[in-house]
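A short write-up of the structure that comes next.
The values are calculated or read from the model by the stated rules, or taken from the named source; none is laboratory data. Note that the coordinates shown come from a computational prediction; the quantities given were computed from them, not determined experimentally. Cβ placement follows ideal geometry from the backbone for every residue including glycine, while neighbour counts extend to all protein chains displayed. Please note that ligands, DNA and RNA were not included when accessible areas were found on the heavy atoms of the full protein model with its side chains. Shrake-Rupley method; radii C 1.70, N 1.55, O 1.52, S 1.80 Å.
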Amino acid sequence: MPIGTAMTVNLRGARLRAVLASVPTWLPRGRTLPEASWRIRHRAVVVLLLAHAVIIGVYMALRGEPTADTLIDTAIPALGAFAASRSSLPRPMRSGIAAVSCMLTSAVVVHLMNGSIEGHFHFFAMIPVVALYEDWVPFGLAVGVVLVHHGVMGTIDPRSVYDHASAWQHPWKWAFVHAGFFSAACIGAIINWRLHEKARDHEQSLAAQMRHQAHHDALTGLPNRVQLLEHARTLLAGAHRRDDSVAVLLIDLDRFKEINDVLGHASGDVLLSRLGPLMQTAVRDGDILARLGGDEFAAVLARADEQAAILVAKRLISLLTETVDIDGVALQVDGSIGISVSTPGAGEDIDTLLRQADIAMYTAKRARCGYTLYQSEQDTSTRERLSLLGELRNAISHGEIVLHYQPKLALPSVDLIGVEALARWQHPTRGLLGPAEFIPAAESTGLIVPLTLTVLELAISQMATWRSGGRDFTVAVNLSPRCLAEPDLTRQVMDLLTKHGVPARSLELEITENTLAHDPERALATLTSLHAAGIQISIDDFGTGYSSMSYLKRLPVSELKVDRSFVSGMLGDAEDAVLVRSLVDLGHNLGLTVVAEGVEDQATLDMLADLGCDIAQGFHLGRPMTASALASWLGDPVTVPGGMPAPRRGAEMPVTTP
């Protein structure tokens, strides 16, 4: 045989085998009918059999048939209905009894109608009824009854099966004719059966998909809060019986908002979709890691004490430090984890454990220590913090925020060149609160933005008052990194300046060096816009952060403030002195005005003047004071050696401000 012909034959053979192999997939599987659906259908079939028993009995009585014959023919569907309704029998047996009874009832109908063709229609009507069971056993039994009836009874007593002479003479011929029609009815019933199975499969698949979606996070594929709560409640119920512990870990990603702001939310979603499965590898088999929403995840660990929970927390932190490439940008995400462990026999619920883990997580975030175990004292501080935030929101809107001003003096002339506005909270019951008591809480929420705008409003309003009295000097206000993320910050600041009739050159905005490390491009855009409007920009606490010199060169800043930690130690520490000298030179080389913070004595002031520092600020020159106290300070200064105004006694100590 030629090679081409052989290949054609082999190809056709392979196709034939493939077709034959797929034949079973065309047929129904059988026994896929849910129990509830089967009961409804089976009850209908039993009722149908009972109805046939009544109709056959009435029909035969009206025809005057012998009582014995009537009882026998009526008993076939009646006994079938009785046996099929026995709940003690298994489902397949009850289905088989009902199927056989249906077909035997069809045989009774054929015999009562003397084998007329119309009587045979009953078989065609009954086979779809049997197919309602969607089970090959009762269906096969029903087909077997028909074969026996037409094949055996049609041969032994053709006059009882057929009503015409041709069939009496050739019963097998007509048996095959009837078999063809019956097969067509069977095929139709099977097709309908198969379509029902496919529809049910689709419904079950859709239901399973919906159940999965209801219990899983679409982005990461991890379980969601609903599944975590269900799983945790089951674990806690078992733990209470076994007297063991369940641990809950709450994981919050650090700096995730910055990634969203810089790269966009789509990139943030990609990062979450990669981190989720990665973090899942840190938990043990049988434990659950879920995404609660945003950048917050939670893990529930079965039979876990504090040490087991800490091991999982360490693995999670280690995984989070791995570099993830998103759109060509290598990212590393840190995490803060709070751990709460149930006490055996205490009966804690999952809501309590989640709340405790949340408190511990915020404690870890503030301490920047990676993870923290829940302690009861954390709860008190967190409650106080929540209460403080609520009060602070009210304080902003009810005028409880006040400003104190610290002088900035030019060197070597010691003339007043400006002041720095420092926020204080005049609390109605706790008295005057320094910034350390409320600024960190505001920084961790969106309150820092309205707080800063309030400080700007107060400072600019006071500037207008001073200018109307003939005083013209700059006022510096600190800006939080969150404020630089506000897209319309420049417009809001300029609206305030216009409202009070203060020129932009009189306002100075201070940013910390670390602001540049978070989102340098956005910070650059915002600061450039502010500078273009005429507002001066200053870098506060310089030397303590991690900003890049390239960004320092690009930023539109006019002033550099050397951190007090270097200035206060420059007399006794040669390294601090070298650092201050270097920072002064750096600022001058970049064309910036250099301010030294933390000047506490005359010797430090003299040394700064010798180094060429432009401006000094510190307790030796003037403590932070109210606007009225500053007016007195300006109008009647008490001199000290060197002609410097003396600090006012009793003024509060300055603390890092927003």
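Restricting to the stretch 104-149, what's the tally of residues that are hydroxyl-bearing (Ser, Thr, Tyr), open to solvent by less than 10 Å² (accessible area, probe 1.4 Å) and outside any helix (DSSP H, G or I)?
1
Of the numbered conditions (1) modelled with pLDDT under 65; (2) outside any helix (DSSP H, G or I), Leu33 fails exactly one; give the number of that condition.
Only one criterion is unmet by Leu33, namely (1).
Show the residue pairs meeting these rules: Cβ distance below 8 Å; 6+ apart or different chains; first residue within the stretch 219-239 and under 12 Å from Leu292 (Cα atoms); second residue surrounded by 18 or more Cβ atoms within 10 Å (Cβ to Cβ) and polar (S, T, N, Q).
Pairs found: Leu222/Gln280.
Mind counting the residues in the stretch 233-251 that are among the small types (Gly, Ala, Ser) and open to solvent by less than 10 Å² (accessible area, probe 1.4 Å)?
3
Just checking: which of the strands (runs of 3 or more DSSP E) contained wholly in the stretch 367-458 hold 2 or more residues that are among the hydrophobic types (A, V, I, L, M, F, W, C), in contact (Cβ under 8 Å) with a residue 40 or more places away in the chain and touching a strand residue (DSSP E or B) at 6+ places or on another chain (Cβ under 7 Å)?
401-410, 416-427
I need the helices (runs of 4 or more DSSP H) fully contained in the stretch 151-221, keeping only those with at least 3 residues that are β-branched (Val, Ile, Thr).
171-215
Being free of Cβ contacts under 8 Å to residues at least 24 places away in the same chain and either buried (at least 18 other Cβ atoms within 10 Å of the Cβ) or not in a helix (DSSP H, G or I) (or both) is the filter here, so list the residues in the stretch 577-600 that pass it.
Gly591
In the stretch 335-362, how many residues are at pLDDT 85 or above, open to solvent by less than 60 Å² (accessible area, probe 1.4 Å) and not in a strand (DSSP E or B)?
11
Which of the strands (runs of 3 or more DSSP E) found entirely inside the stretch 239-324 contain at least 2 residues meeting this: under 20 Å from Cys369 (Cβ atoms), out of contact with any His (no Cβ under 6 Å at 6 or more places or on another chain) and not aliphatic (A, V, I, L, M)?
Result: 296-302.
For the stretch 252-283, which residues satisfy the criterion of being among the hydrophobic types (A, V, I, L, M, F, W, C), more than 26 Å from Leu301 (Cα to Cα) and open to solvent by 30 Å² or more (accessible area, probe 1.4 Å)?
Val262, Leu263, Ala266, Val270
Going through Arg291, Arg315, Arg303, Arg284 one at a time, which residue ends up being on the phi > 0 side of the Ramachandran plot and of a type in the set (D, E, K, R)?
Selected residue: Arg303, the only one of Arg291, Arg315, Arg303, Arg284 that is on the phi > 0 side of the Ramachandran plot and of a type in the set (D, E, K, R).
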